[in-house]
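The values are calculated or read from the model by the stated rules, or taken from the named source; none is laboratory data. Quantities reported herein were computed from a predicted structural model and do not represent experimental measurements. All Cβ positions, even for glycine, are placed from backbone atoms using ideal geometry, and neighbour counts span all protein chains on display. Just the protein is used for accessible areas: all its heavy atoms, side chains included, with ligands, DNA and RNA removed. Shrake-Rupley method; radii C 1.70, N 1.55, O 1.52, S 1.80 Å.
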Amino acid sequence: MNSTKDVIENHIRRFREGNIDGVLDDFSPNAILLTSTGPLRDRSEIQGFFQNLLAKFGKAGASDTVHTAIFEGDYAYLIWSGETADNYYEFATDTFIVRDGKIEAQSFAAKITPKR
């Protein structure tokens, strides 16, 4: 079975590759993603969130940097920053619960500043 660290590192790799199918495969069928606009339940709702984010980070010049990655049992916590053509992601966090090699729950929050 994959460790929480393995699952999250794979999730980050797939995100950076723009692999939406791989990103979604990291989630359990009944996963929940908590965002500032409300909860997204199951892969079908989570897909729209990641399609939007991948469209932004898929453009030339986009980048992200993970500053902190903490793994403890089934839990993971990331602090990161990034830049896309349109926005600065000055401070972003993700918290994960991973069980049986799949993401059961994720929270996402970020301070996003438009470039224009």
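For the chain, relative contact order (Cα pairs under 8 Å, six or more residues apart, normalised by length) works out to 26 percent. Using the 1.4 Å probe convention, the accessible area of the chain works out to 56 Å² per residue with neighbouring protein chains retained.
For ASP25, neighbours were defined as the other residues whose beta-carbon sits under 12 Å from its Cβ, and their charges (Lys and Arg +1, Asp and Glu -1) total +1.
I'd like the carbon and sulfur percentage of the solvent accessible area for region 8-106, probe radius 1.4 Å, heavy atoms only, ligands and nucleic acids excluded. If you can, show how the numbers build up before the last one.
On the way: 2590 of 5250 Å².
Solvent-exposed carbon and sulfur of region 8-106 make up 49 percent of the total.
Of interest is the spacing of the C-alpha centroids, which for region 39-56 and region 81-116 amounts to 12 Å.
Could you tell me the accessible area of LYS59 in Å² (1.4 Å probe, neighbours in place), rounded to the nearest ten? Roughly 100 Å² of LYS59 is accessible to a 1.4 Å probe.
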